[in-house]
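Below you'll find the structure, written out as structure tokens, and then a few comments.
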Amino acid sequence: QVTCIEVVEAYVERIKEVNPLINAVVKDRFEEALQEARQVDKLLSEGPGDEYLEEKYPLLGVPITVKEAFSLHGMPNTSGLVNRRNVIATSDATVVSRLKQAGAIPLGVTNCSELCMWYESSNRVYGRTNNPYDLQRIVGGSSGGEGGVLAAACSVVGVGSDIGGSIRMPAFFNGVFGHKPTTGVVPNDGQFPNAHGVRTNFLCTGPMCRYAEDLEPVLRVMAGPGVSKLKLNEKVSLEKIKFHCMDHDGGSVFVSPVDKEILQAQKKVVEHIESDLGVRVQRVAIHKMKYSFQIWSAMMSSKDSNGQEAQRFTDLLGDHGKPVWPLWELMKWLVGMSSHTFPAIALGLTEKLMNLNRSGNAKLVSMGKSLQEEMEALLGQDGVLLYPSHPTIAPKHHSPICMPFNFAYTAIFNVLGLPVTQCPLGLGSEGLPLGIQLVAAAYNDHLTLAVARYLEKAFGGWVLPGKV
């Protein structure tokens, strides 16, 4: 009904209209995108047949955006690090290449936090990204630009990555869908920083979308041959899923209590599932979840099976140059002289403290392994856990500094290797998105994706900012 050029032009215009407010797209490739759209229209007019095109190019002409931490040919690839500001990608990350080969058209790259290790997307290269529902609020991180650009209807699909909730927190704060796949299915190649050592088991690349039905086709393309490990062709009978529900982590001293509105939204989901599907949602209290932050931190800094040490964050800050001294950077920051953000400096300092407690870390790593076994046993091949996405709705700018460990609600599932879909649940009393995490056992991504599609119908999914 519409040409590809009309679609791409509409998205380009939307970005030009909205981006000055939200600062989500940090570098565009509009000219190239329009050229690629013309080629799509030419291909369609030559008519090799719809079935052939659908098979060969499942995402033909779909406008997408890509987190700036991923290589997209000709685009910057700094990850918000000042001493990388002249780095331009000369090739495509594996997932970007697969999406392009499937016919998708990248419109540009989006903002992230410095080195992708904080949950506010702000850095010294591109500045700060604002939430489309309230410009005084954060978009989350590290795939925050993606969350904001999708929420503002500037893109159809986003490429995100997640080592502590970097897909799911922005998806939650911006009221869109995000999926962290089972670990090891979608390749992480071509992003900076990439995971090394034990962290390769925790970093996941995945799709972010406004509509739940888009997650699966995009995941198929991103996973490539790895998709065979997932059961995406299996039909899901929602009545046969064993639903479990946990309202909070058990009261960690490091993490804020869960907002009443988030608990209320989760309660509505439970009530809807029980009345509509005629199933009972089992309430569970998994004691070890209380130590989510400590387990994640210990596992992130542990050695891999070959005894290789985890890469130090301070080395990454130097980016193959001189190592960064966090205490010195803090002094410089206090007088406005540091090229790093405060969260990055603070992370460098805490990393040093973490390394002092080796025996405590070992205990926490073994607690993490036992929690993983407990979770897999609970969920089995037919279970889905409902769990809060974050203790609070999208916080105001800078306030994550006062609640630095709230990302534990998402991070724990990275070290457990479980697939999680973040699902929006409409807007709360302040007009900000609510949502929930849907968790399954490894390689059961099809279950959480099916429940996300179901909840989208029941609760309305994405809501256009400014509509209410």
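The values are calculated or read from the model by the stated rules, or taken from the named source; none is laboratory data. Values in this document were obtained by computation on a predicted structure and should not be read as measured data. Here Cβ is always computed from backbone atoms with ideal geometry, including for glycine, and neighbour counts include all displayed protein chains. Side chains included, ligands, DNA and RNA excluded: accessible areas come from the protein's heavy atoms. Shrake-Rupley method; radii C 1.70, N 1.55, O 1.52, S 1.80 Å.
Descriptive notes on the structure:
- Sequentially through segment 56-62, phi angles give Karplus couplings (6.51, -1.76, 1.60; θ = phi - 60°) of 7, 10, x, 10, 4, x, 7 Hz, Gly and Pro residues having no value and appearing as x.
- The chain - mean residue ellipticity at 222 nm from DSSP helices (-39,500 (n - 2.57) per run, n ≥ 4, rounded to 500): -11500 deg cm²/dmol
- Distant-in-sequence amide H partners of VAL186 (H built 1.01 Å from N, under 5 Å): THR205
- Amide H to amide H distances under 5 Å link THR110 with VAL26, VAL66, LYS67, GLU68, where only residues 5 or more positions off or on other chains count and H is placed in the peptide plane.
- Scanning residues 5 or more positions from SER166 or on other chains, those with amide H under 5 Å from its amide H are SER142, with H placed 1.01 Å from N in the peptide plane.
- Cα gyration tensor shape of segment 355-468, rounded if a/c is under 1.5, else prolate or oblate by comparing a/b with b/c: oblate
- Approximate spin-label separation GLU13-LEU378, in nm, with each point projected 7 Å along Cα-to-Cβ: 5.0
- Extended-chain gain in nm, criterion 0.36 nm per residue less alpha-carbon gap, LEU43 and PHE254: 70.4 nm
- Cut-off 18 Å (backbone N to label point 7 Å along Cα→Cβ of GLU31), residues of segment 102-125: 106-109
- When each of LYS242/LYS268; LYS100/LYS180; LYS180/LYS363; LYS16/LYS231; LYS242/LYS369 is checked by Cα-Cα distance, pairs over 29 Å: LYS16/LYS231
- Of all accessible heavy-atom area on the chain, the percent that carbon and sulfur account for (1.4 Å): 54
- Computed with a 1.4 Å probe over protein heavy atoms only, the accessible surface of the chain comes to 41 Å² per residue.
- Charged-residue dipole, Cβ positions (Lys, Arg, Asp, Glu), the chain about Cα centre, Debye nearest 20: 1280
- Normalised contact order of segment 1-139, rounded percent, pairs of Cα under 8 Å and 6 or more residues apart: 27
- Antiparallel bridge percentage (DSSP; both residues within segment 4-459; nearest 5): 65
- In order along segment 74-90, phi translates into HN-Hα couplings of x, 9, x, 9, 9, 6, x, 9, 4, 6, 10, 5, 9, 7, 10, 5, 9 Hz, rounded to whole numbers, per the Karplus curve 6.51 cos²θ - 1.76 cosθ + 1.60 with θ = phi - 60° and x for Gly and Pro.
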